[in-house]
Amino acid sequence: MLNLACSFRFKSVTATAAFSTDSPAHVPCVLTIAGSDSGAGAGIQADIKACAARGVYCCSAITSVTAQNTIGVQGISTLPAAFVEQQINSVLDDIHVDVVKTGMLASPEIIQSVCSRIKHYSIGSLVVDPVMVSTSGHELSGPSILDRLRKALLPLATIVTPNMSEASVLADGKPVNTVLDMREVAAEIHRMGPRYVLVKGGHLKNSHDLVDVLYDGSGWHELRGSRIKTRSTHGTGCTLAASIAAELAKGLDVLPAVMAAKEYVAKALEHSSSIKIGGGAQGPMNHFFQLADWGKLSSRQCRFDPRKLFLYAVTDSGMNKRWDRSTPAAVEQAIQGGATIIQIREKEAETLEFIEIAEASLAIGRKYGVPVLINDRVDVAVACNADGVHLGQTDMPVRLARSILGPGKIIGTSCKTVEQAVKAYEDGADYIGCGGVYPTTTKKKNKTIGLDGLRLLCEASPLPVVAIGGISAANVEEVMNSRPAMLHGVAVVSTLFDQSDVGQATRDLRASMTAALSESTAGKVFS
Ligand SMILES: Nc1ncnc2c1ncn2[C@@H]1O[C@H](COP(=O)(O)OP(=O)(O)O)[C@@H](O)[C@H]1O
Ligand SMILES: Cc1ncc(COP(=O)(O)O)c(N)n1
Ligand SMILES: [Mg+2]
């Protein structure tokens with residue numbers, strides 16, 4: 001548990017501001033203009049759920065009402081454009097909306113009305129999900145809308161998010177079957193006016209990985225994720241677009257917003273594979289898999305669980321080479337021995353080799369549910385969709401890394417002083433690595449702060465702390481018995497990896513930690 005005394009001291013200023021009556025906090029707000037899905041897996045219903053799950057308020061203007069379920073679409077009733085316009089006026093005349101998101105717009109007249117309202121209310125952030133065919137394969141908007149979509153709506157869009165078949169239709173039937181096709185069609189659609197184009201790869205065939213391609217007018221970002229085996233894919237596109245709108249409403253730039261939204265959709269899919277709603281081929285997702293209160297999520301996705309810091313294994317390429325074993329093999333042995341979090345530290349590897357090592361280690365971590373972080377290299381972490389990064393004081397600043405990685409990734413940073421710890425908290429870090437507690441050869445020129453330095457920082461830190469530096473089974477009891485309030489674990493390098501048997505070394509360390517815990521008298525910290 002976090003020590004409230006410590007965290008309260010640093011949060012008291014924030015807490016006062018957050019609860020002061022004279023300036024109520026601004027709640028990020030999205031207006032979705034889309035169709036209703038009676039099955040509630042897609043459309044307006046998905047948008048409102050996704051926004052709520054992301055901590056954002058969502059208003060709605062309904063364009064069509066569909067009789068729909070997990071089997072398909074049984075009927076569509078499209079509303080008059082004037083009434084869609086009236087709904088939009090009602091919202092925007094009264095409520096401050098940060099981002100507008102459009103879904104199913106089934107007539108050219110409705111598109112015209114939407115464009116006129118976007119201009120009239122000077123909406124500066126617009127996410128267009130060009131819904132044409134539902135995931136169940138039913139046409140939702142026909143070719144009659146294409147002209148207005150391309151010429152009137154796309155030029156107003158911050159980002160447009162077609163799936164592969166929608167991208168093909170927008171590009172006059174150009175085949176879109178491969179990632180290369182996705183890159184090319186994204187550039188073609190970009191020429192129609194949107195600032196960003198995200199071609200979604202959920203329908204990529206014969207590919208273990210899923211790739212979404214984001215094009216910003218000058219370069220492409222291939223956002224990879226593993227395909228999740230589930231029937232609960234109804235509404236994935238709506239949910240992604242609404243989540244992007246929610247992240248933009250919270251102030252993220254487009255790339256981090258897309259990445260945070262992808263992360264959310266992937267987690268929702270992972271948590272939905274067990275739910276069984278409806279009898280059709282595509283069931284809905286569980287948007288609320290991480291139920292949390294409004295305030296917490298709007299600033300950051302679910303809080304980092306500090307228990308993950310308990311036995312923190314930091315790999316070392318030199319040691320693994322010395323013992324003639326690959327880093328992924330060492331990672332698996334450490335996890336099997338009881339490591340609770342992994343950091344891939346590759347000081348000599350070239351970028352490609354680092355990415356390959358990281359991807360292989362991530363696959364192992366995901367198999368055991370153990371987070372795998374990347375040391376220093378945010379670019380490598382983005383490239384392999386790692387669970388997060390650990391940054392030194394001279395690496396990329398935490399605040400910048402947070403803006404790139406979004407709220408869903410774990411960011412740790414090394415601190416020796418209380419000032420560094422407070423700044424890490426203010427900049428959005430999840431935990432602090434504090435050391436070197438004892439002299440160590442693993443990190444050159446590393447000032448040793450001793451147990452006193454560790455205790456001093458832990459007592460003042462607003463974030464969970466993991467101790468690092470020369471820690472082994474021989475001295476871990478002393479570290480744990482010092483029991484500073486925010487200490488949640490120990491990070492070790494040579495104790496595990498400069499050994500012939502990593503698994504056994506990990507088990508020995510864990511046994512010493514468990515023994516120290518059972519004898520300790522101070523309050524529970526290593527929970
Ligand atoms: N089975 C899956 N596993 C992981 N991600 C998926 C899966 N299916 C879709 N996605 C993701 O969901 C988002 C929506 O993609 P897609 O399903 O192609 O859109 P649509 O629902 O509009 O057809 C994309 O980010 C895509 O990568
Ligand atoms: C009313 C409505 N709007 C949009 C979709 C697209 O759903 P998906 O996100 O699966 O492409 C849908 N099926 N129904
Ligand atoms: Mg879609």
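The values are calculated or read from the model by the stated rules, or taken from the named source; none is laboratory data. In this text, all values refer to a predicted model and were calculated from it rather than measured experimentally. Quick reminder, even Gly has a Cβ in these numbers, built from the backbone with ideal geometry, and neighbours come from all protein chains shown. For the accessible areas, the whole protein counts, side chains as well, though only heavy atoms, and no ligand, DNA or RNA atoms are used. Shrake-Rupley method; radii C 1.70, N 1.55, O 1.52, S 1.80 Å.
Residues whose amide H comes within less than 5 Å of that of Thr32, counting only those at least five positions distant or on another chain, are Cys59, Ser60, Ala61, Lys101 (H built at 1.01 Å from N in the peptide plane).
I need to check one value: relative contact order of segment 29-275, counting alpha carbon pairs closer than 8 Å and at least 6 residues apart, in percent.
On the way: 519 pairs, mean separation 45.1, N = 247.
After rounding, I find 18 percent.
Taking the centroid of alpha carbons for each part, segment 81-110 and segment 311-345 are 53 Å apart.
Think of segment 29-275 as a dipole: +1 on every Lys or Arg Cβ, -1 on every Asp or Glu Cβ, centred on the Cα centre; then among Met104, Leu240, His190, Leu240 lies furthest on the positive end. Report the local net charge at Ala330: Lys and Arg +1, Asp and Glu -1, summed over other residues whose C-beta lies under 13 Å from its C-beta. So the environment of Ala330 carries a net charge of -2.
Spin-label pair Arg366-Asp172: with each label point 7 Å from Cα along the Cα-Cβ axis, the two points sit 3.9 nm from one another. Near Leu311, once Lys and Arg are set to +1 and Asp and Glu to -1 for all other residues with Cβ below 11 Å from its Cβ, the sum equals +4.
When the alpha-carbon atoms of segment 29-275 are used, the pair Rg, Dmax equals 16.3, 48 angstrom. For the chain, the solvent-accessible area of protein heavy atoms averages 41 Å² per residue (probe radius 1.4 Å; ligands and nucleic acids excluded).
Calculated FRET efficiency, Asp253 to Glu348, Cβ-Cβ distance, R0 = 41 Å: about 0.80 to the nearest 0.05.
For segment 110-161, averaging the sequence separation of C-alpha pairs within contact (under 8 Å, six or more residues apart) and dividing by the residue count gives a relative contact order of 52 percent. Antiparallel beta bridges, as assigned by DSSP with both residues in the chain, represent about 25 percent of the total such bridges.
At a 1.4 Å probe radius, carbon and sulfur cover how many percent of the accessible area of the chain? Spell out each step's value before the answer.
Values: 12210 of 21760 Å².
For the chain, the apolar C and S fraction of the accessible surface comes to 56 percent.
Our summary gives segment 301-526 a relative contact order of 21 percent, counting only alpha carbon pairs under 8 angstrom and 6 or more residues apart.
In the chain, the sites counted are GluC sites (Glu not before Pro) in DSSP loop states with at most 10 other Cβ atoms within 10 Å, and the longest stretch holding none of them, exclusive of the sites, is 1-347.
Which links in Lys262/Lys308; Lys151/Lys250; Lys49/Lys229; Lys200/Lys276 stretch past 27 Å when you go from one Cα to the other? Walk me through the numbers before you get to the answer.
Values: Lys262/Lys308 23 Å; Lys151/Lys250 29 Å; Lys49/Lys229 22 Å; Lys200/Lys276 25 Å.
Too far apart for the 27 Å limit: Lys151/Lys250.
From the Cα gyration tensor of the chain, with a ≥ b ≥ c the square roots of its eigenvalues, which class applies: rounded if a/c is under 1.5, or else prolate if a/b is larger than b/c, or else oblate? Don't skip to the end; give the middle numbers.
Details: a/c = 2.36, a/b = 1.82, b/c = 1.30.
The shape class here is prolate.
Per-residue ellipticity at 222 nm from helix content only, as computed over the chain with -39500 (n - 2.57) for each DSSP H run of at least four residues, stands at -12000 deg cm²/dmol. Across segment 388-507, counting alpha-carbon atoms alone, Rg and Dmax equal 14.4, 41 Å. Each Lys or Arg adds one and each Asp or Glu takes one away; over the other residues whose Cβ falls under 15 Å from the Cβ of Gly369, this sums to +1. Dipole size of the chain about its Cα centre, with +1 on Lys/Arg Cβ and -1 on Asp/Glu Cβ: approximately 580 debye, rounded to the nearest 20.
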